[in-house]
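Colleague: Okay, handing you the structure first.
Laboratory data are not the source of any read-out in this text; all were calculated from the coordinates shown. Note that the structure is a prediction, hence the values are computed from the model and not measured. All Cβ positions, even for glycine, are placed from backbone atoms using ideal geometry, and neighbour counts span all protein chains on display.
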Amino acid sequence: MNKTVARRNKRKQQRSLISNIIFCLIALTALTGCIVLVLQNYNLQNEGREVMSRLEEHELEYIYTQEDLNAYLAENAIREREDERNNFLAEIKQRVSDGESTVSLLRSFFPDDIVVYADGGYSFFPISETLRKHEYVYDNFVKQENKEIVYLDEESNIRSIKGIDVSKHQGEIEWDKVAGDGVSYAFIRAGYRGSTEGKLVEDEFFTDNIEGAAENGIDIGIYFYTQAMTPEEAQEEAEFVLELIEPYEVSYPVVLDLEETESASARTAKMTKEEYTKAAIAFCEKIKEAGYTPMIYGNLKTFMIMLDLEQLEDYEKWFAYYDEAVYFPYAFNIWQYSAKGDIAGIKGDVDLNICMKDYILENE
């Protein structure tokens, strides 16, 4: 019996020892895990401090939030705009230093507009899609050695016709010498309406000029300087012209010369665009009824500010613009390119024109 008890006690002691060993192993494993976690946490802290240190020293790329990215893009956009602005200003400064005019600069910056300088300011007119455009190639307008401009075709043949326009301001003209200088046609001023009283006046050299040109084989066109305020006055001007030219052969157009008046007291000074346009139509219709080709003469201010071109598509245009590169997108047949021409037989300056339409051939 004592031996049995002793064996039981021994087995209990063995089991207790094994349990203690297992518990110790578990405790040791747990302690080891804690130590590992502590070490990992320590390493992470060290790595975190190192990363932050490197970020502060800009050794690592910063990872932007969306808010940061938006701010960054906005800042760079501002920089780009500032660069563009500086480049733009530098270009303007250089072009102005090279002598380019303000209106020329504006026209290059606004190619879809017609820029007109008039009355001390700049006006911008979007190029109309409905108005007829000319088909001239600007580079084909060529200034020759004698400073006269011609229009060339693709084979470099001259396709323009040389002409002048004259009035009493040219005085007595030796028309034989004019013909010998290659002038094919001349627009003769028939007369004008006074800018204050509105009286119709025949140009004092009209008869001499029209007969002298005709006698020397120069084709004739006619123009009248208008100051008509109403359609009725415009018709009166047309009738005045038709009576003057009735004895002569006129193969080129009969032209309404519409220009701005420099006097604030002129009878037309306060006319509206619609009033100018209605008067122009009345003149042209009267001329057309008589069997002549009506035409309107003017410059940029005439066609863009004083007249409504939408209502004048049926009439031919004579455009005055004194520069080597003509600046007008709409249809025109005659270009007056200089007011300081030098023509044999004429003392002093005379207007020079080129015509891109053969009116003689058309009328045959």
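Colleague: Would you pull out the residues with amide H under 5 Å of Phe187's amide H, same chain only if 5 or more places away, H placed 1.01 Å from N?
Modeller: Correct list: Ile164, Asp165, Val166, Gly221.
Colleague: With the cut-off at 26 Å, tell me which of the pairs Lys278/Lys317; Lys162/Lys286; Lys199/Lys340 have Cα atoms farther apart than that. Show your work: numbers first, answer last.
Modeller: Values: Lys278/Lys317 16 Å; Lys162/Lys286 28 Å; Lys199/Lys340 29 Å.
Beyond 26 Å: Lys162/Lys286; Lys199/Lys340.
Colleague: Multiply the residue gap between Glu249 and Asp112 by 0.36 nm, knock off their C-alpha separation, and tell me the result in nm, one decimal place.
Modeller: Contour length minus Cα-Cα distance gives 45.1 nm.
Colleague: Ok, one more. For Leu361 paired with Gln94, estimate the spin-label separation in nm (one decimal), with each label point 7 Å from Cα along the Cα-to-Cβ line.
Modeller: So the label points at Leu361 and Gln94 sit 4.5 nm apart.
Colleague: Using a Förster distance of 30 Å, how high is the FRET efficiency between Ser263 and Glu232, based on the Cβ-Cβ distance and rounded to 0.05? Working shown, then result.
Modeller: Numbers: r = 23 Å, r/R0 = 0.76.
So the FRET efficiency works out to roughly 0.85.
Colleague: Taking neighbour Cβ counts within 10 Å as the exposure measure, how do Phe110, Phe240, Phe332, Phe283 sort from fewest upward?
Modeller: Starting with the residue having the fewest Cβ neighbours, the order is Phe110, Phe240, Phe332, Phe283.
Colleague: What does DSSP give for region 127-286 in terms of the percent of beta bridges that are antiparallel, rounded to the nearest 5?
Modeller: 30 percent
Colleague: Can you tell me the FRET efficiency between Arg159 and Val201 if r is taken as the Cβ-Cβ distance and R0 is 35 Å, rounded to the nearest 0.05? Please report the intermediate quantities before stating the final value.
Modeller: Numbers: r = 37 Å, r/R0 = 1.07.
Taking R0 as 35 Å, the efficiency between Arg159 and Val201 is 0.40.
Colleague: If you don't mind, another one. Considering only the other residues whose Cβ falls under 12 Å of the Cβ of Glu260, what net charge follows from Lys and Arg at +1 and Asp and Glu at -1?
Modeller: Taking every other residue near Glu260 into account, the sum is -3.
Colleague: Still on this structure, please answer the following. What does the charge add up to near Leu131, with Lys and Arg as +1, Asp and Glu as -1, over the other residues with Cβ less than 10 Å from its Cβ?
Modeller: Details: positive: Arg132, Lys133; negative: Glu129, Glu310, Glu313.
With Lys, Arg at +1 and Asp, Glu at -1, the net is -1.
Colleague: Determine the sum of side-chain charges near Ala118: Lys and Arg each +1, Asp and Glu each -1, restricted to other residues whose C-beta is under 10 angstrom from that of Ala118.
Modeller: -1
Colleague: Let me ask another. Set the bar at 27 Å for Cα to Cα. Now go through Lys147/Lys177; Lys273/Lys357; Lys147/Lys288 and name every pair that lies beyond it.
Modeller: Values: Lys147/Lys177 19 Å; Lys273/Lys357 29 Å; Lys147/Lys288 35 Å.
Flagged as over cut-off: Lys273/Lys357; Lys147/Lys288.
Colleague: So how far apart, in nm, are the two label points at Phe125 and His169 if each is 7 Å from Cα heading toward Cβ?
Modeller: About 2.2 nm separates the two model spin labels.
Colleague: Count neighbours as other Cβ atoms within 10 Å of each site's Cβ, and list the GluC sites (Glu not before Pro) in region 76-174 that are DSSP loop with at most 10 such neighbours. Working shown, then result.
Modeller: Working: sites: Glu80, Glu82, Glu84, Glu91, Glu100, Glu129, Glu135, Glu145, Glu148, Glu154, Glu155, Glu172, Glu174; in loops: Glu100, Glu129, Glu135, Glu145, Glu148, Glu154, Glu155, Glu172, Glu174.
Listed in order of number, the matching sites are Glu129, Glu135, Glu145, Glu154, Glu155.
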